[in-house]
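Here is the structure we will look at.
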């Protein structure tokens, strides 16, 4: 990542560290910052394992690079056996993901969600039906949305990028009484026609007391998704929040899959199984 | 209609006169205003036959009553023979009804309209399909919208009153390259369960070089609709636009169907025919 | 509170318990639920001291009543000595209150906030200036907003109720790099002309490593505000979130100030001091 | 203008002809279309003098060029003598410019307009005060808005291009009971730092029974503004409305001021006089 700080200083808050959770082990990582006397610290969110880098940079060029080797262990389940959790039994911290948020105005979608998904049998397949609906009714088009675009805009305009697909799916899930949240990550396995590897946005829905992964944009391989940060929507997990006047260039991202000598690692592939890498408290 | 003007004076602009057009004859009418020295005048819009009452009222109570006997002659056509007019052949004054307006943001609905209605055969039935879609996907509920509610809100929230149904149908028609406009009128034949007779909002779509009637809310009998004013959307034809501080009560409306001795008049009924009471220049 | 559950059952999530924090002691409380076999539980949010009541009610009438005696100890400070905390030093959990939320779209207000408040000296007085601006530029009018009204709507329309004042102040604070959050409470000391005692919404801004109270609607006595729940905006702390079909009547609320025999308690009055009842972790 | 029609044909509706009015004489003009067998026609709007080019083009490249020499005669008036027209005396066709439109939601700005401009003495200077307010509170920044950006967005975000300045001024005028409309034109005299000559959007306000010119973006020389088309807002006067799949490049525009041998023409300069080039019916 390359920035130029225009004034005397600027503050950055980054979420580009790989989250370190029970299911996502950070085997090795390396952070490099070109300004030797920059103040910085990495802070972990105890509940969600995500790690934010806070950085107070001085005027001039700022170059930050981060590399990590991570190992993801998926919990896999038969979709037919993954069920919804009744409202009464939802953990308190999960209940928060039922409320509307900046880019997921579920409070406006109750009638729509009920008409479209209210009659479906409860369970994983209902979340999958919402995911499929979003995937089939929104067109993926680069640069078709702006920073303030939210779920209702995407529902109206039917075009967006991965973040918009995620916001619309989350809003529809919440309006259907399914707790749902936003995950930022990287898009291993994305269609090369969409360009070089990039940050990605995907969705987790709370079912059978776990968070299950969904990729409504359909542009990545779900098994290849690597978690950076988790929140209610994009407002919570911006890759970079900047306080001060700064110019920037597009960050450079590279994602490679490794397989060890013993072939004991599994390369990400498409699977019909329900995938999860998070329980309530990991 | 009963108002109380709070300050020294207030200006009113009313559209409650029955429009006087080639298809809608005003057989008799009577206007009564309680303030004897009020300045007022009735003005006709030459193109559309609607008549506005402008009134400069003094402080105190203002009572206005209007009665009219009108005769409507419908042009009826076989829906299968009513066709769309190519963009190149649309009259200039009709082209205006293709543009987005305050409450009909058709510019945001191109993808949606194309996905839903773009594949249908062109003609009256495509407009009817849009009308039916709106009717079946929006719930009629009194007091469920506010003055600033527009078509995209109704598309998102799926609830509204007759004006919201009309705005959404108009926006979807325009986004489908079908010129469409808003008509204010009265709702003869409305379900008595919805309350006493009321002002009504319905839609006209330009097909086969005429404007054809549609009632997306489905609450009135289309043959019984009586035209007050015609515009791009509700912003153009508000029943009362008031300049000044005024209190008001709900206007009292009564609509009765007459049949003459010779039985030569036809009572409004439901019909499968396409109905029109307006050509481009009437 | 009186409800009627229309179907076989309905779930409620209430925030009407007085928060129990280091500054707000619950001396006594009593909860009564008329359905003897209702499943319910009260859960505390460890960080914020608020307590939610979850309740799974059966068909029929549901009556819930709650009374509490609480004692509030205010931290008071000289406004001139209360300063802003630099972004780099903000605790991680406070940083969340810098992000836009459902009803506080601070991401759209950066230019406006900077033009209006960016030149002011940093500190408590800047937050007070935002509070005053909102108070003087928005008109308080009952029933002037709806459930989906958000800060940008209030900025445009300049009218609202206490919740709208709070949302706009919060959004402007965040857009000014001041962490701000929404508190639901009761409005002891409200102008009786506004009606009987009611739920109230007020604001806390993070300054000098504490959360300081502001009442932008100006309808209550800040010293008399009693905290129910704290969140990013109204979406987080709704008095009642209901899952299921239910009818309800307006809840009945009563607030009384007590003074003990020894006169050792202080009755809420207006004060020029900065008031706080919350640190980061209380 | 250069386009490529992707399918068998496409329809275009252009507003790039210089309007031909009592105040703006088209001395000479020349239109060139590269497709020899293209169907096209130029239509005049009788009331407003604008001329639309309708064109049904075939697959392949389409090149259209238009040149015109025009002469503008300004009505000039002492601003102090230009007064507002009472609502009762507004011509019927002017009343339409009091209503909210797609990009000018004046219905939401009544409180704001009243608080800011309601106390000012009536007349030209009130319109000028609105123009100045918009000019000083919105930042001009290229590419800062999108096609769906409307006046309330600009009021919130305080950034835009000339069309956004025009929409906000129009909305505030209408909310202040001043009829206002949108004019598309060219920006002779624009700051060269803003790039090559371009299409421009400016405002007309109805005062003293004429339409007076305002340029809220302040980027052009008002005397140099040349009218293309006039409407309620940008929705009515889009430079090009295209029906069909088409690719395009930025049109090339050139504007030059001429002075004849006898020096009888006047070069556009800044003036403190109120300028008008349109009465109600010209």
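The values are calculated or read from the model by the stated rules, or taken from the named source; none is laboratory data. Bear in mind the structure is a predicted one, so any value in this text is a computation, not a measurement. Note that each Cβ is placed from the backbone with ideal geometry, even for glycine, and that neighbours are counted across all protein chains shown.
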(Q) Among the residues that make up region D:148-164, is at least one of them under 13 Å from the mean Cα position of the chain (by Cα), within 30 Å of residue B:110 (Cβ to Cβ) and within 14 Å of chain C (Cβ to nearest Cβ)? (A) yes
Q.
When the residues of region A:105-124 are narrowed to those that are under 23 Å from residue A:231 (Cα atoms) and away from chain B (no Cβ under 13 Å), which ends up farthest from the chain's Cα centre (by Cα)?
A. A:123
Q. Which residues, counting only those in region C:89-103, are more than 8 Å from chain A (Cβ to nearest Cβ) and under 14 Å from residue C:164 (Cα atoms)?
A. C:103
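Can you say whether residue B:57 is closer than 30 Å to residue D:231 by Cα and buried (at least 20 other Cβ atoms within 10 Å of the Cβ), as far as the supplied structure shows?
Details: closer than 30 Å to residue D:231 by Cα: no; buried (at least 20 other Cβ atoms within 10 Å of the Cβ): yes.
Criteria not met by residue B:57.
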Q. Of all the residues that make up region C:1-29, how many are surrounded by 19 or more Cβ atoms within 10 Å (Cβ to Cβ) and within 13 Å of chain A (Cβ to nearest Cβ)?
A. 6
Q) Can we say residue C:160 is touching a strand residue (DSSP E or B) at 6+ places or on another chain (Cβ under 9 Å) and either buried (at least 24 other Cβ atoms within 10 Å of the Cβ) or within 26 Å of residue B:144 (Cβ to Cβ) (or both)? A) yes
Q: Kindly provide the set of residues from region A:9-44 that are in a loop (DSSP other than H, G, I, E, B) and either assigned by TED's automatic domain parsing to the domain that holds residue A:186 or more than 13 Å from residue A:227 (Cα to Cα) (or both), ordered by number.
A: A:34, A:35, A:36, A:37, A:38
Q: Please enumerate the residues belonging to region B:60-86 that are surrounded by 15 or more Cβ atoms within 10 Å (Cβ to Cβ) and within 14 Å of another protein chain (Cβ to nearest Cβ).
A: B:84, B:85
Q. Quick one: how many residues across region D:165-182 are under 20 Å from residue D:277 (Cβ atoms) and within 16 Å of the chain's Cα centre (by Cα)?
A. 9
Q) Given (1) away from chain C (no Cβ under 14 Å); (2) modelled with pLDDT under 95; (3) more than 13 Å from the chain's Cα centre (by Cα), where does residue A:220 come up short, assuming only one miss? A) (3)
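Does residue B:177 satisfy the criteria of being surrounded by fewer than 24 Cβ atoms within 10 Å (Cβ to Cβ), within 10 Å of another protein chain (Cβ to nearest Cβ), under 27 Å from residue B:91 (Cβ atoms) and touching a strand residue (DSSP E or B) at 6+ places or on another chain (Cβ under 7 Å)? Walk me through how you get there before you give the answer.
Values: surrounded by fewer than 24 Cβ atoms within 10 Å (Cβ to Cβ): yes; within 10 Å of another protein chain (Cβ to nearest Cβ): yes; under 27 Å from residue B:91 (Cβ atoms): yes; touching a strand residue (DSSP E or B) at 6+ places or on another chain (Cβ under 7 Å): yes.
Criteria met by residue B:177.
For region A:34-51, give me each residue that is within 22 Å of residue A:254 (Cβ to Cβ) and crowded, with 16+ Cβ neighbours inside 10 Å. Even if it seems obvious, please write down each step before you answer.
So the first thing to find is which residues in region A:34-51 are within 22 Å of residue A:254 (Cβ to Cβ), and the list is A:34, A:42, A:50-51.
Answer for region A:34-51, where residues must be within 22 Å of residue A:254 (Cβ to Cβ) and crowded, with 16+ Cβ neighbours inside 10 Å: A:50, A:51.
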(Q) Just to be sure before I move on: is residue C:220 in contact with a helix residue (DSSP H, G or I) (Cβ under 7 Å, 6 or more places away or on another chain), buried (at least 24 other Cβ atoms within 10 Å of the Cβ) and assigned to a loop (DSSP other than H, G, I, E, B) in the structure I sent? (A) no
